[in-house]
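The values are calculated or read from the model by the stated rules, or taken from the named source; none is laboratory data. Just so we're clear, the structure is a prediction, and the values are computed from it rather than from any experiment. Heads up, the Cβs are rebuilt from the backbone with ideal geometry, glycines too, and the neighbour counts pull from every protein chain shown.
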Amino acid sequence: MSNSPIKSSLKKYFVSSFINSAEKIDNLFFFIGKTTGWGSEGPTFGTPEDTRINDIDIMRNIIAYKAIQPSDINYMIPKNEWSFGTKYDEYSDSIDLTIDLTDKIYHVMTDEYHVYKCISNNDGGESIKKPTSTVTTGIFTTSDGYKWKYLFTIPEQLRKYITNDYIPVPIISFRSFDEVTQRQYDTQKNAVNGSIDYIRVTSNKTVNIASALYSSLFQNGNPNTNTFLTVYAAGVNTVRFASGIGSSNFTNCDLNVVSGTGAGQVRRITAYNTTTKEATLDAPLTQLVSNTSVFHITPGVVITGDGSEAKAHIALLPYDSSDPTKVVIKEIVVTNPGKNYTYATITNSAFNNAYNSQPDIPTFAVVLPPPPELDSTKLFILVRFEGTEGITGLDTRNDVLQYGIILNPRLNDTDSQYLDELGNPIRIANTNPTTVRDMIVESNTNTPLPQNLFTANRYVIGTESKATAQIVSFLPTNETGYGLLRVKNIQGDFRLPLNLGFTGEPLVEFDQNGKVWSFDKIEKARIVTILENPRVTTDIVFDGTTVLGLSGAPNLNDDSILIGVSSGAYGTVLGWNQGLTSGDLILTDVHGSFVTGEQLDVSGGGKNVASINNIKNPDIKPVTGQVIYAQNMKPIVRGPEQLEEFQILLGF
């Protein structure tokens with residue numbers, strides 16, 4: 001048991017806040033850089049020193065920045081692949097979330113990428129039947145006795161985030177025509193706050209039937225001899241029992257038809273006449289029962305707590321004739337999980353009365369459901385650099401020794417309107433790419449939608465939310481009355497349907513010409529859903545290098561240091577695109593500002609080796625932003641056609 005004041009909920013808060021910040025608040029960039037410092041056997045691999053002077057050195061050496069998109073970040077949970085013959089842990093709301101998540105294996109991923117939560121392990125048995133159901137409500141039982149809850153399926157586009165130890169948790173906010181996404185959406189929608197999914201029998205499943213209740217109920221100890229006096233039709237709420245049943249009072253017990261006609265019906269007995277053996281039921285029968293239908297009578301399960309509507313009953317194991325003095329509880333079957341419970345117990349008085357104060361009264365544990373993200377306290381970031389990404393500094397063959405994440409760097413503006421009173425740039429580099437979203441819409445009249453229903457480059461507005469978006473294109477779908485509206489530059493949140501069978505808000509088209517706004521007066525269509533995954537049409541990348549256009553053709557080596565004779569500025573050579581009489585010199589780790597027309601010296605070498613014709617400064621103002629993650633690594637020698645995939649797993 002952990003005594004740490006740091007709760008797992010705080011760790012989850014940090015993870016969700018990080019993702020929310022990347023989506024809506026801050027601008028995060030992945031960077032690579034530093035071409036000199038150590039070789040393949042260098043001593044500084046790992047985490048750089050956390051000092052301000054070291055952060056400044058990191059920022060001066062950045063070659064390229066690439067925007068981290070929300071789709072690059074995912075919640076992560078431990079990877080537990082389902083394996084035949086493994087004993088899995090039952091989920092319990094008493095699990096210590098600060099220490100037990102690595103010890104308790106209560107969720108699994110199958111080879112079909114389905115993820116399940118283990119509700120019951122059949123009294124500690126081995127799992128020998130792979131769960132396969134994707135039912136989006138309740139729990140299901142496999143033939144090995146395990147009970148599972150389907151959570152989600154990892155979609156194909158997220159499987160690249162699966163590591164040896166972790167799997168991603170997709171976050172679904174919208175309905176979808178995609179089956180995998182829609183299943184998870186339905187699972188989330190069908191989850192009821194504070195529902196009781198499972199009641200565990202924690203002790204004394206075997207009950208002595210010598211109690212007053214069972215000695216009169218079970219003829220010769222066999223519960224499978226209980227039958228009705230005659231046939232009772234659907235709609236009846238009073239029944240009589242056959243003459244062999246004793247005279248105990250079965251009021252507040254449960255009648256469970258276990259075999260024969262009408263099997264599966266469970267009713268609470270609200271009144272019982274011990275003379276006539278007539279039972280009044282809490283609800284009418286929905287199916288006929290006959291005089292050969294077999295029933296069990298068990299103590300009524302009374303659930304008490306701060307929620308409402310939960311109902312359950314006892315199910316017994318098949319009768320064991322080798323021990324006629326015992327009856328064994330198989331499970332507590334939850335027929336209505338209820339809602340809004342933060343605690344719940346089984347009222348013991350019902351069992352005390354039923355078992356005549358026997359010492360072996362069963363005890364129970366009510367299990368409340370886990371949070372949907374399975375207590376994710378880690379996130380995974382995956383960024384790819386492919387080829388040059390349009391960055392000058394990436395078209396050379398150089399070592400890369402550092403990578404990391406930088407928060408809110410500033411654009412290297414020179415226009416006075418973007419500078420503060422001290423001449424420093426104020427615009428933060430933006431991570432928002434040109435993104436389009438696909439919106440499924442439907443006709444108001446269930447008639448085909450014309451192809452010219454929406455006009456490209458105009459706008460739509462939700463009549464209720466007042467959210468807006470610019471129209472990219474529209475095409476009717478093959479299903480009559482539906483269409484795909486592609487939009488960009490969404491502002492606000494359109495109101496989506498509450499659930500399947502509902503429609504969202506109407507859309508009206510409008511245009512803007514200067515200060516004049518013109519609105520159509522008719523509703524074009526209604527929103528069905530916005531597809532979950534945005535279509536990013538361009539990556540956001542920035543160049544961190546300085547490029548000097550030179551007159552002269554000196555012989556320069558990579559990692560040489562060039563010094564401006566008049567300015568005193570200096571930088572490290574990253575690349576030299578040499579011509580016969582001129583060329584472009586690519587520098588990193590630049591200190592100071594070079595000036596056009598000045599001569600360059602090579603540190604420890606030639607003097608006045610070339611003069612500067614023009615200067616292209618970095619896209620990002622050096623030493624702006626905040627380095628929030630940095631890692632040293634062994635040299636990666638880049639080529640212009642090379643692909644690197646960087647993975648960062650962050651835990652809080």
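Is it true that some residue in segment 304-320 is more than 30 Å from Val192 (Cβ to Cβ) and over 44 Å from the mean Cα position of the chain (by Cα)? For segment 304-320, residues more than 30 Å from Val192 (Cβ to Cβ) and over 44 Å from the mean Cα position of the chain (by Cα): present.
Which one is nearest to Thr529 (Cα to Cα), of the residues in segment 142-166 that are touching an Asp or Glu at 6+ places or on another chain (Cβ under 9 Å) and outside any loop (DSSP other than H, G, I, E, B)? The residue in question is Thr153. Asp399 - would you say it is acidic (Asp, Glu), modelled with pLDDT under 85 and over 31 Å from the mean Cα position of the chain (by Cα)? In short, yes.
Selection of first residues in segment 460-476 that are over 10 Å from Asn489 (Cα atoms) and of second residues that are crowded, with 18+ Cβ neighbours inside 10 Å and aromatic (Phe, Trp, Tyr), restricted to Cβ pairs under 6 Å at least 6 apart or on distinct chains, gives the following pairs, ordered by first then second residue: Gly462/Phe494; Ser465/Phe494; Ala467/Phe494; Phe474/Phe454.
Have a look at Gly338, Gly260, Gly264 and point out the one that is outside the structural domain of Ile119 (by TED's automatic domain parsing), at positive phi and either among the aromatic types (Phe, Trp, Tyr) or over 42 Å from the mean Cα position of the chain (by Cα) (or both).
Values: Gly338 fails: either among the aromatic types (Phe, Trp, Tyr) or over 42 Å from the mean Cα position of the chain (by Cα) (or both); Gly264 fails: either among the aromatic types (Phe, Trp, Tyr) or over 42 Å from the mean Cα position of the chain (by Cα) (or both).
Answer to the selection: Gly260.
The set of residues in segment 231-260 that are at pLDDT 90 or above and more than 16 Å from His296 (Cβ to Cβ) comprises Val231, Tyr232, Ala233, Ala234, Gly235, Val236, Asn237, Thr238, Arg240. Within the set Phe474, Phe542, the sole residue that is closer than 30 Å to Ala569 by Cβ, modelled with pLDDT of 90 or more and surrounded by 14 or more Cβ atoms within 10 Å (Cβ to Cβ) turns out to be Phe542. A search for C-beta distances below 7 Å between a residue of segment 17-44 that is within 14 Å of Ile381 (Cβ to Cβ) and among the charged types (D, E, K, R) and any residue that is modelled with pLDDT of 85 or more and buried (at least 19 other Cβ atoms within 10 Å of the Cβ), counting only pairs 6+ apart in sequence or on different chains, returns nothing. So is Thr102 in contact with a Ser or Thr (Cβ under 8 Å, 6 or more places away or on another chain) and either part of a strand (DSSP E or B) or at pLDDT below 90 (or both) or not? No; evaluated as a whole, the condition is false for this residue. Among residues of segment 500-515 being at pLDDT below 85 and in contact with an Asp or Glu (Cβ under 9 Å, 6 or more places away or on another chain), the one that is farthest from Asn444 (Cα to Cα) is Leu500. Screening Thr529 against (1) in contact with a Ser or Thr (Cβ under 7 Å, 6 or more places away or on another chain); (2) farther than 30 Å from Ile73 by Cβ; (3) hydroxyl-bearing (Ser, Thr, Tyr) leaves a single unmet condition, (2).
Restricting segment 585-618 to residues that are in a loop (DSSP other than H, G, I, E, B) and in contact with a Leu (Cβ under 7 Å, 6 or more places away or on another chain) leaves a set whose member that is farthest from Leu550 (Cα to Cα) is Phe594. Among the residues of segment 223-276, which ones are touching a Phe, Trp or Tyr at 6+ places or on another chain (Cβ under 7 Å) and free of Cβ contacts under 8 Å to residues at least 24 places away in the same chain? Passing the criteria: Thr251, Tyr272. For segment 469-517, a residue qualifies if it is polar (S, T, N, Q) and within 24 Å of Ile172 (Cβ to Cβ), and the qualifying residues are Thr477, Asn489, Gln491, Asn499, Thr503.
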